[in-house]
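Comments concern the structure below.
Only the coordinates and a few stated rules stand behind these numbers; no lab work does. Remember, it's a predicted structure, so these values are computed and weren't measured experimentally. Note that each Cβ is placed from the backbone with ideal geometry, even for glycine, and that neighbours are counted across all protein chains shown.
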Amino acid sequence: MLKEHHIKKVVNKFEDWWVKDPHSSNMDFYQKTITASHLSSLSEKKFIDFFYDFVSRGGRVQSGGNRAKNKFLNTVKQDVVRFRKFVLKPFQDRFSLKDWFIEIEDYPNFGVGIATIFLNRVDYNKYPIMNNKTLNALNKLGYKISSSKNWSNYMLVKKYQDNLINKFPTLQNYFKTDALNHYIVAVYQGQKLVSDYLQIENLKNDLEQHEIEKNVEIYSEEINKEELYKKIIECEKNRSEEITINGKAYKRHNYLMVQIKKYRDYKCQFCSTTILKANGGYYIEACHIKSKAKGGKDSISNILVLCPNCHKLFDYGKRSKGKKIKDVYHVTINEKEYKASLK
Ligand SMILES: [Zn+2]
């Protein structure tokens, strides 16, 4: 999750990219064609041609839906009159966004992605775009949202993008916030910036955890496991962001991670590896089972203590939906089964 001052830098770099990229000139591309009068005046053939072109070009927002366009054509041809009524609804005074959003399901191959692009082309001050790119980018920026493209997530996308526009008024509208998402997820410069800032955050946390370990002498301290477990639960319940140890403030999250690593003996829960450091301490990583971006908690029941290899295996391997049976987490990654205690 990016810090706000990092997001600000990303937005500034994005603005430099935006003025030079041809994408910005597409902002008003459909200003004269996606209107109630134009869409109603087209002959049936021209109407179909228009939407065929719109879908195959991804509404000039996302890369073209080459596979989807022919299937889409069949769907539309089945009932052109109804589809035209559907796309004209957003122009009416008593338009219900929610009803319309649910109606999208009736048009296979005109999915939520392209449908919300259409809405955005009707009015980019009112309707955000929601596709995989959107949800992915919001997660990277630290907004909590699942990968589902349902109505409640659409409302969250709107809320989060309003929040971004409020903080960074140069973003202006939902066409531009979508371009920012594109920049973060699909443009090398943006991807690199975000990944660099995320690494900086991780490194800072590593250093702070290292300091906490030294400060509380957690390596040498003989701790009763039961006592430590009680302390962990106490620390989880604490609502404050920071915690003071020996007169110095640390992120509560980092203190909790140190405690959990200690409780699990700094040993990888998948392969039992321990990594001894020159200073006598141990290196190990904390891995969230359900990511924080998706609402996962900083809690011992959501944390695995893993060596760097197993951590990457968890992140990048082909992973089954894990299950928890009596405080033991069961998961299959790349066809191998793993078990780890969550207590
Ligand atoms: Zn391991």
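For this structure, a couple of remarks:
- Above-threshold pairs, the threshold being 21 Å between Cα atoms, out of K71/K140; K231/K324; K45/K71; K126/K167; K237/K277; K204/K261: K71/K140; K231/K324; K237/K277
- Residue-averaged 222 nm ellipticity for the chain, from DSSP H runs of 4+ at -39500 (n - 2.57), nearest 500: -16000 deg cm²/dmol
- The trypsin sites (Lys or Arg not before Pro) of region 206-314 meeting both criteria, a DSSP state outside H, G, I, E and B (loop) and at most 14 other C-beta atoms within 10 angstrom of the site's C-beta, are R239, K277, K290, K297.
- All aspartates and glutamates inside 19 Å of K46 as judged from Cα atoms, apart from same-chain residues fewer than 8 positions distant: D79
- Stokes-Einstein D (µm²/s) once Rh is taken as the Kirkwood radius of the chain over alpha-carbon pairs, at 10 °C in 1.306 mPa s: 68 µm²/s
- Euclidean distance between Cα centres, region 157-220 to region 1-37, Å: 19 Å
- Dipole magnitude (debye, nearest 20) for the chain, charges at Cβ of Lys, Arg, Asp, Glu: 800 debye
- Given 13 as the ceiling on other Cβ atoms within 10 Å, longest exposed-site-free region of the chain for GluC sites (Glu not before Pro) in DSSP loops: 1-216
- Violating pairs (Cα-Cα greater than 26 angstrom) within the set K8/K214; K8/K192; K144/K192: K8/K214
- Reach of K133 by Cα under 16 Å, taken over aspartates and glutamates that are not fewer than 8 positions away in the same chain: D178
- With the convex hull drawn around the C-alpha atoms of region 268-343, the volume per residue stands at 102 Å³.
- For T274, the shell of other residues with beta-carbons less than 15 Å away shows a net charge of +2, using +1 for Lys and Arg and -1 for Asp and Glu.
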